[in-house]
Amino acid sequence: MKVLVITWLLQALSVSALRTTVRDDSKQTKIVPSTVFSGNVNANAVSKHGYLDGPQLSAVNSSSYEWWYFDAVSGDHLSSITIVFYTALASGFGFITPTTDVTVVGVDFVFPNGTTNSIMLSASEAVITTEGQGSSAVFKNSGARWEGSPDLSWYTVKINAPGSGVAGTFRLNSVAPAHYSCGKADAGQLVMVAPNIGWSNAIPDSAGDVDFTVNGEKFNFQGSAYHDHNWGAQPFQDNIVLEHWGRGRLGDYSIVWSIVNVPDGTEYATIYVAADQRILIASCKTTSFSLTSLYANGDATTGTFTGYDLHVDLDQGNSLDIQVTVEHVAFNGAPVYERWIGSMSGRLNGGELISNGVALFEEFNLSGL
Ligand SMILES: *[C@@H]1O[C@H](CO)[C@@H](O)[C@H](O)[C@H]1NC(C)=O
Ligand SMILES: *[C@@H]1O[C@H](CO)[C@@H](O)[C@H](O)[C@H]1NC(C)=O
Ligand SMILES: *[C@@H]1O[C@H](CO)[C@@H](O)[C@H](O)[C@H]1NC(C)=O
């Protein structure tokens with residue numbers, strides 16, 4: 001029906017802008033084989049009309065990397081899941097288990113008692129379909145797939161991997177508009193969060209519903225969930241020294257931050273805050289916010305990381321002051337990589353305390369390598 005109406009409109013109007021819309025709304029499918037491509041690849045650096053969550057590399061060579069990341073953290077701050085669909089080798093993203101398979105999926109579980117568990121699944125190829133801003137993918141013979149709506153209002157991730165003892169569904173219903181590193185999810189935006197590191201954030205925050213069975217035990221919870229996507233044509237590990245990324249929900253506020261220090265000493269920053277489906281800031285100006293790491297019993301080298309002080313200047317002159325406090329280690333790859341579950345509390349313009357916020361955040365520190 002939709003196709004018929006659009007065909008009629010095109011005949012009636014013959015407007016080129018309309019043709020563009022039609023082309024962007026149609027489905028595009030890309031097949032990524034599990035074997036690496038030899039040759040140069042292109043990485044998109046500027047956003048298009050639509051296509052926010054579609055593949056951003058022309059192919060996957062041994063220096064490139066691309067992944068689609070999903071996470072959820074429970075309202076009681078005890079459980080979390082992260083699922084990452086990679087099209088990369090360890091030579092492009094040095095933190096995955098080295099294999100010759102480009103198409104792999106990593107899943108990390110944090111159980112309510114603090115136990116963690118990680119699995120890795122290999123696919124024979126990835127079939128990725130892009131429609132509107134959203135994408136869907138089947139990682140063939142791995143049992144893992146995701147499905148996303150063209151308007152980014154929802155995503156579903158499904159895993160059925162009996163060989164690894166894991167089966168389940170993870171649903172995300174968005175509560176916060178998508179964005180790129182420096183602004184809204186419009187065409188023509190710079191999408192590099194730092195040189196050679198592309199980033200799109202399809203679901204900055206959502207109502208998450210996680211329903212899994214892991215080795216015969218139930219793993220289910222509801223909480224705040226998130227989905228983003230990174231890519232680059234040069235190895236990730238050659239392009240960062242230090243990275244702090246995190247996100248969370250505090251009251252009605254959905255917050256995402258990122259700070260990347262690169263080898264030439266430059267610091268790149270991104271901040272995003274939304275509430276009631278409205279973006280209150282989406283900026284890559286380093287002056288829009290400050291993120292201060294806090295340590296107990298010493299400094300970054302000698303002490304224990306306990307969280308952050310985060311100050312954000314919103315549009316319209318308001319500001320948020322937020323304390324992020326580490327509660328649990330969700331993934332311990334210290335000293336190079338760590339991920340934490342935390343709590344958040346804060347105040348708008350120094351007003352009433354908003355508490356009971358939840359956060360998930362990570363640090364890459366390659367300065368010792
Ligand atoms: C992959 O593509 C990038 C970008 O064109 C290029 O710089 C790099 O040398 C390629 N890697 C290999 C191993 O061919
Ligand atoms: C923690 O929970 C997991 C999942 O339910 C269970 O398999 C494990 O035995 C528990 N560990 C301890 C130490 O209780
Ligand atoms: C990063 O690692 C280096 C060397 O291991 C350490 O000296 C430094 O304090 C760490 N920085 C942060 C912010 O954790």
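The values are calculated or read from the model by the stated rules, or taken from the named source; none is laboratory data. Nothing here was measured: the structure is a model prediction, and the numbers come from that model. FYI the Cβ positions are ideal-geometry reconstructions off the backbone, even for glycines, and counts take in every protein chain you see. SASA here: full protein model, heavy atoms, side chains in, ligands and nucleic acids out. Shrake-Rupley method; radii C 1.70, N 1.55, O 1.52, S 1.80 Å.
Of the residues Val358, Val312, Val336, only one is within 16 Å of ligand 3 (Cβ to nearest atom), under 28 Å from Phe236 (Cβ atoms) and open to solvent by less than 70 Å² (accessible area, probe 1.4 Å); which? So that I can check it myself, show each step before the final result.
Numbers: Val358 fails: within 16 Å of ligand 3 (Cβ to nearest atom); Val312 fails: within 16 Å of ligand 3 (Cβ to nearest atom).
Sole residue among the options that is within 16 Å of ligand 3 (Cβ to nearest atom), under 28 Å from Phe236 (Cβ atoms) and open to solvent by less than 70 Å² (accessible area, probe 1.4 Å): Val336.
A search for C-beta distances below 6 Å between a residue of the stretch 75-91 that is in contact (Cβ under 8 Å) with a residue 24 or more places away in the chain and any residue that is open to solvent by 20 Å² or more (accessible area, probe 1.4 Å) and acidic (Asp, Glu), counting only pairs 6+ apart in sequence or on different chains, returns His77/Glu327; Thr82/Asp108. In this entry, Leu250 passes the filter for residues that are at negative phi and buried (at least 16 other Cβ atoms within 10 Å of the Cβ). Using the structure shown, decide if Asp321 is assigned to a loop (DSSP other than H, G, I, E, B), out of contact with any Ser or Thr (no Cβ under 8 Å at 6 or more places or on another chain) and open to solvent by 30 Å² or more (accessible area, probe 1.4 Å). It is false that Asp321 is assigned to a loop (DSSP other than H, G, I, E, B), out of contact with any Ser or Thr (no Cβ under 8 Å at 6 or more places or on another chain) and open to solvent by 30 Å² or more (accessible area, probe 1.4 Å). When the stretch 243-274 is filtered for residues that are of a type in the set (S, T, N, Q) and out of contact with any Asp or Glu (no Cβ under 6 Å at 6 or more places or on another chain), the ones remaining, listed by number, are Ser258, Thr266, Thr270. Among all positions in the stretch 233-243, there is at least one residue which is closer than 30 Å to Gly368 by Cβ, over 14 Å from the mean Cα position of the chain (by Cα), within 16 Å of ligand 1 (Cβ to nearest atom) and buried (at least 21 other Cβ atoms within 10 Å of the Cβ).
Ala187 - would you say it is crowded, with 20+ Cβ neighbours inside 10 Å, touching a residue at least 60 places away in the same chain (Cβ under 8 Å) and either among the β-branched types (Val, Ile, Thr) or on the phi < 0 side of the Ramachandran plot (or both)? No. Among the residues of the stretch 47-72, none is identified as outside any loop (DSSP other than H, G, I, E, B) and modelled with pLDDT under 95.
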